[in-house]
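Take a look at the structure below.
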Amino acid sequence: MLLLLPLVVGLVALFWGRKALAPGQVWAALVGGELADNLRAVVLRVRLPRVVAAGLVGASLATAGAIFQGTFRNPLVDGRILGISPGAASGVALSLLAGLPEGALAGPAFAGGLTAALLVSLLGGALGGGVLVLVLSGVVVNSFFTSLVGITKYLADPHEILPAITHWLLGEVGRVRWAQVVPLAMACGPALLLALAFRWRFNLLTLADPEASSLGLSPRRARFLSLALGTWLTAAAVSLSGVVGWVGLVVPHAARALVGPDHARLIPAALGLGAAALILLDALAHTLLPFELPLGVVTGLVGGPAFVGLLLRRWRREGGWR
């Protein structure tokens, strides 16, 4: 049911916008019925690619968050903590500082995210490859790339380049068209399928390393493969949408509250819930106020209180903190 939820929310988002459209008009645009050309263009060229992009970004970030939290046995881990999102942000900031157009930012963002993940892997591997070591390596890499973004903003032209960097760091999918959605789908689709196909392995990674080894799994190799898969998803999503926080942290917790900790059910639940949540939040971002709010701002406003609510729910259920 959660995998079908993005389809329902996406259909609602197609006629929910600045100009409300009747469901019949949206259906006519989708199936080629009689409809004015301008309304057909709004549905097929503006709203539909935006909905698909938001769904792909939300599914990728939430799935990556579930993978990271299970792999590192840490409920507070996501792409930002491990330095992947700041790495992608630094790639974009440096590219804008160098004069690259906004349409050519996907490659540098992806390269920055992969560079951050590689540094985490190399640093963590050199220090033993344990769970805590990898998380601490991510914190160090996160701090480095966050400082690099700050230096880039300090050096940027305050009239042209600095607003572009700031705007991208706040996150959005409002200006996305099919030319950007198709490469995103080609990047995220195989990674999401791999996450679904190998989701049972993440259960073994939640065990202690000796227990996982006794079941035929190489914990260190599986952990780095999981890190690569989560990085793939996070970097691909961030390369299109910018830095959209809280999705990779909150949605896996919400999915875990609904279906339990078994990754065979958690991964598809996080995928569907993440896609639906970001489609809904993006719809709110451009309809709540007379002007459009950055998507990253909306996810922060909603994600913080939602995370507190999940923590309080766990506290009441377990009778205190452990």
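The values are calculated or read from the model by the stated rules, or taken from the named source; none is laboratory data. Source: prediction; values computed, not measured. Every residue, glycine among them, receives a Cβ derived from its backbone with ideal geometry; neighbour counts consider all protein chains shown.
Data table
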quantity	calculated
Check on ALA228, touching a residue at least 40 places away in the same chain (Cβ under 8 Å), surrounded by 23 or more Cβ atoms within 10 Å (Cβ to Cβ) and either among the aromatic types (Phe, Trp, Tyr) or in a helix (DSSP H, G or I) (or both)	no
Residue within the stretch 199-211 that is in a helix (DSSP H, G or I), small (Gly, Ala, Ser) and either surrounded by fewer than 24 Cβ atoms within 10 Å (Cβ to Cβ) or modelled with pLDDT of 85 or more (or both) present	no
Failed condition for LEU3, given (1) over 27 Å from PRO163 (Cα atoms); (2) in a helix (DSSP H, G or I); (3) modelled with pLDDT of 85 or more	(2)
Residues of the stretch 277-300 satisfying the condition of being out of contact with any Leu (no Cβ under 9 Å at 6 or more places or on another chain) and modelled with pLDDT under 90	THR287, LEU288, LEU289, PRO290, PHE291, GLU292, GLY300
Candidates SER143, SER90, SER85, filtered to the one that is assigned to a helix (DSSP H, G or I), modelled with pLDDT of 85 or more and surrounded by fewer than 21 Cβ atoms within 10 Å (Cβ to Cβ)	SER143
Where SER218 falls short, out of the listed (1) buried (at least 23 other Cβ atoms within 10 Å of the Cβ); (2) of a type in the set (Ser, Thr, Tyr); (3) over 18 Å from the mean Cα position of the chain (by Cα)	(1)
Filtered residues of the stretch 1-24 (kept if buried (at least 17 other Cβ atoms within 10 Å of the Cβ) and closer than 16 Å to VAL46 by Cα)	GLY10, ALA13, LEU14, PHE15, TRP16, LEU21
Selection status of LEU56, of a type outside the set (Val, Ile, Thr), in contact with a helix residue (DSSP H, G or I) (Cβ under 8 Å, 6 or more places away or on another chain) and assigned to a helix (DSSP H, G or I)	yes
Of residues in the stretch 174-198 being modelled with pLDDT of 85 or more and not in a helix (DSSP H, G or I), the one nearest to ALA41 (Cα to Cα)	ARG177
For ALA20: the one exception among (1) hydrophobic (A, V, I, L, M, F, W, C); (2) modelled with pLDDT of 85 or more; (3) closer than 30 Å to ALA270 by Cα	(2)
Selection status of LEU114, more than 21 Å from the chain's Cα centre (by Cα), in a helix (DSSP H, G or I) and modelled with pLDDT of 80 or more	no
